[in-house]
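Here is the structure we will look at.
The values are calculated or read from the model by the stated rules, or taken from the named source; none is laboratory data. Given the structure is predicted, the values throughout are model-derived calculations rather than measurements. Cβ atoms come from the backbone with ideal geometry, glycine included; neighbour counts cover every protein chain shown. Accessible surface is based on the protein model in full, side chains and every heavy atom, while ligands, DNA and RNA are left aside. Shrake-Rupley method; radii C 1.70, N 1.55, O 1.52, S 1.80 Å.
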Amino acid sequence: MKVAFLGLGHMGLPMARNLAGSGHEVVGFDVFPAAVDAAREAGLIVGDSGTDAATAADVVITMFQTGTQVLEAYRGSGGAQGLLDVAASGALFIDCSTIAVDEARAAHALAEAAGHRSLDAPVSGGVVGAENATLAFMVGGTDDDFDAARPLLEAMGRRVVHCGGAGLGQAAKVCNNMILAVSQIAVAEAFVLGERLGLSHQALFDVASNASGQCWALTTNCPVPGPVPTSPANRDYRPGFAGALMNKDLGLAEQAIQLTGVDARMGMLAREIYAHYADGPGAGQDFSGIINSIREFSD
Ligand code: NAD
């Protein structure tokens, strides 16, 4: 079985390497020449182009930045052939990029119209998860296609969850990250309020982490240094999960909120707050550094 792996960036290269390391025949490609060089140095077989890598492939995995890149690569642009034109007939397309739900559904429709099968399979776990093959995959597509993909995804990750039909992997990702954004802001606001009231960070942590305020944003990603020594706050907010990526994911949440007409005021406010954060140095800092904006904007 030939697997084409396209998009060998921060996430894609370690994922492709783990897949090849687990005994699969993997041919990679990236449009960015330095990424191709890094892949070769890492021992990956690389093609001359995306369509070269995907020619006669049984499985085509993509790990790009945006939905537009995915749809263009599937279709081909400027009259050139796309990935759908060259893969083996009935190939399984797995898109692991984080993209909008409606873009993921468009990608499924294109694959199906070309006689292929497809899954949306975004990930969480970051670069560390990609390197250690401990990613979590959230998958949308049919049962049969999910079963076919499972061994490949398990070579790159630790948890693989079938969320439902086309686009529902992306839906799970966007909903989860909206919870995360809102809860990280709430935790940060509580610490700043506690500071103003004379409450120590440790006392607030000891209470909230054992009470109903308990959540990942507090107990793993604690936005103040001290209570959780491994949280980014202890290393000057080095990510972690960068503000730019949270801002991107909240942009996708906003699209989904507008598409569905949900009254998600907290999600939309989180979107606004992180858009502002990511407009400055927050782009490159962990998203828990939002606590510094809260301090800055408090009287
Ligand atoms: P990245 O920019 O490092 O890598 C994307 C790569 O895709 C780039 O090297 C780019 O040149 C390549 N590319 C774009 N179009 C291409 C095409 N047509 N053919 C071949 N290569 C092409 O991005 P990343 O950090 O690896 O993230 C990839 C995706 O994973 C994004 O959607 C991101 O939101 C998501 N994600 C990232 C993280 C993270 O921590 N970095 C965590 C979870 C999810």
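Once you keep just the Cα pairs under 8 angstrom separated by 6 or more residues, what percentage relative contact order results for the chain?
Details: 573 pairs, mean separation 37.5, N = 299.
Answer for the chain is 13 percent.
Per the Cα gyration tensor, the stretch 171-297 maps to an equivalent ellipsoid with semi-axes of 24, 16, 13 Å, ordered largest to smallest.
Rounded to whole numbers, the Karplus 3J(HN,Hα) couplings from phi for the stretch 224-240 are 10, x, x, x, 10, x, 8, 6, x, 4, 7, 10, 6, 6, 5, x, x Hz, using 6.51 cos²θ - 1.76 cosθ + 1.60 with θ = phi - 60°, and x at Gly and Pro. Working note: Debye formula, equal point scatterers on the alpha-carbon atoms of the stretch 60-103, no solvent; log10 I(q)/I(0) at q = 0.23 Å⁻¹ is -0.80.
Each stretch of four or more DSSP H residues adds -39500 (n - 2.57); spread over every residue of the chain, this sum gives -15000 deg cm²/dmol at 222 nm. Annotation for the stretch 247-299 versus the stretch 19-91: alpha-carbon center distance of 33 Å. Placing a pseudo-label 7 Å from each Cα along the Cα-to-Cβ vector at F297 and A88 gives an inter-label distance of 5.3 nm. Taking T55, T142, T220 in turn, the Gaussian network model of the chain (Cα-Cα springs below 10 Å) assigns the largest fluctuation to T220.
Per residue, how large is the accessible surface of the stretch 106-179? Use a 1.4 angstrom probe and give square angstrom.
Working: 3100 Å² over 74 residues.
For the stretch 106-179, the solvent-accessible area averages 42 Å² per residue.
Between A186 and A203, the contour length at 0.36 nm per residue exceeds the Cα-Cα span by 4.4 nm.
Across the stretch 80-217, the relative contact order, built from alpha-carbon pairs under 8 Å that are at least six residues apart, equals 19 percent.
Selection among H108, L44, N132 by position relative to the dipole of the chain gives N132 as farthest towards the positive end (Cβ unit charges, Cα centre).
Compute the signed sum of charges (Lys and Arg +1, Asp and Glu -1) over the other residues within less than 14 Å, Cβ to Cβ, of R265. Taking every Cβ under 14 Å from that of R265, the sum is -2.
What whole-number value in cubic angstrom gives the convex hull volume per residue for the C-alpha atoms of the stretch 2-166?
On the way: hull volume 15.7 nm³, N = 165.
Per residue, the Cα convex hull of the stretch 2-166 comes to 95 Å³.
Phi angles of the stretch 134-140 translate, via the Karplus equation with coefficients 6.51, -1.76, 1.60 and θ = phi - 60°, into HN-Hα couplings of 10, 5, 9, 9, 10, 10, x Hz per residue; Gly and Pro are given as x. Net charge dipole, the stretch 2-166: roughly 260 debye, given to the nearest 20, about the Cα centre with Cβ charges of +1 for Lys and Arg and -1 for Asp and Glu.
Volume of the convex hull of the chain (Cα atoms only), normalised per residue: 143 Å³.
The rule of thumb for compact globular proteins, 2.2 N^0.38 Å, goes into the C-alpha radius of gyration of the stretch 153-194 1.67 times. In the stretch 102-255, the portion of solvent-accessible area held by carbon and sulfur atoms comes to 56 percent [1.4 Å probe, whole percent, DNA, RNA and ligands not counted]. In a reduced charge model with +1 at each Lys and Arg Cβ and -1 at each Asp and Glu Cβ, the stretch 35-111 shows a dipole moment near 140 debye about its Cα centre.
Using only side-chain charges placed at the Cβ, +1 for Lys and Arg and -1 for Asp and Glu, the dipole size of the chain relative to its Cα centre rounds to 460 debye. Comparing G284, G194, G261 in a Gaussian network model of the chain, where Cα atoms under 10 Å apart are tied by springs, the biggest mean-square fluctuation is seen for G261.
Please work out how much length the chain gains when fully extended from D236 to L269, using 0.36 nm per residue of separation minus the C-alpha to C-alpha distance, in nm with one decimal.
Numbers: separation 33, 0.36 × 33 = 11.88 nm, distance 2.52 nm.
Additional length available on full extension: 9.4 nm.
Helices assigned as whole DSSP H runs in the chain whose Cα atoms extend at least 15 Å along their own long axis and whose mean Kyte-Doolittle hydropathy is -0.5 or higher are found at 101-113, 168-197, 243-260, 265-277.
Each Lys or Arg adds one and each Asp or Glu subtracts one; over the other residues with Cβ under 15 Å from the Cβ of D144, this totals -3.
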